[in-house]
Amino acid sequence: MNQGRTIFAQLMDHLPHKEFAVCMDRYRGERYVKRFSCMDQFLCMAFAQLAYRESLRDIECRLRAHPTKLYHMGIRGRASKSTLAHANEHRDWRIWADLAQVLIPRSLSDLISSSIKKGTPSVFSRISSSSAGSTSGASMR
């Protein structure tokens, strides 16, 4: 029996909560919200992305499969299909765009620093070397 935290919760520990709060406040993401917070929405959508869920019904079924684990995953609100649909429709999309602008550079710097520590070539050098050989002399049709 697993006595530790879920892998999802450990992964979400890397989320910059202060920057997330700034993005949320900038576009008033918690305005008129009673139970399903922006954090709950983000966690549900992150879970859906990582678990390859394709529809709101599928997300709801997966999240309700183990309701006791939702709290340990960080999801405090009730994640029903209608709640997710309402949150996706009424919350400002710029919250998520700003959060992405914070997460992408941070992820890239973590990726680069971890590849330097391990002594492996960076992802960028592998991509550039593989794409250079494939495009040279190839005709586009």
Asn88 to His17: extension gain in nm, 0.36 nm per residue of separation minus the Cα-Cα distance? 23.5 nm
Cα gyration tensor shape of the stretch 7-92, rounded if a/c is under 1.5, else prolate or oblate by comparing a/b with b/c: oblate
Thr68 to Asp25: extension gain in nm, 0.36 nm per residue of separation minus the Cα-Cα distance? 12.5 nm
Chymotrypsin sites (Phe, Trp or Tyr not before Pro) lying in DSSP loop within the stretch 40-74, provided at most 14 other Cβ fall within 10 Å: Tyr52
How much length would be gained if the chain were fully extended between Ala51 and Arg35, taking 0.36 nm per residue of separation minus their Cα-Cα distance, in nm to one decimal? 3.4 nm
Name the long-range amide H neighbours of Gly77: under 5 Å, sequence gap of 5 or more, or other chain; modelled H, no Pro or chain starts. Ser37
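Any read-out appearing in this document is the output of simple, stated calculations on the displayed coordinates, not a laboratory observation. Just so you know, these numbers come straight off a predicted model, no measurement behind them. Quick reminder, even Gly has a Cβ in these numbers, built from the backbone with ideal geometry, and neighbours come from all protein chains shown.
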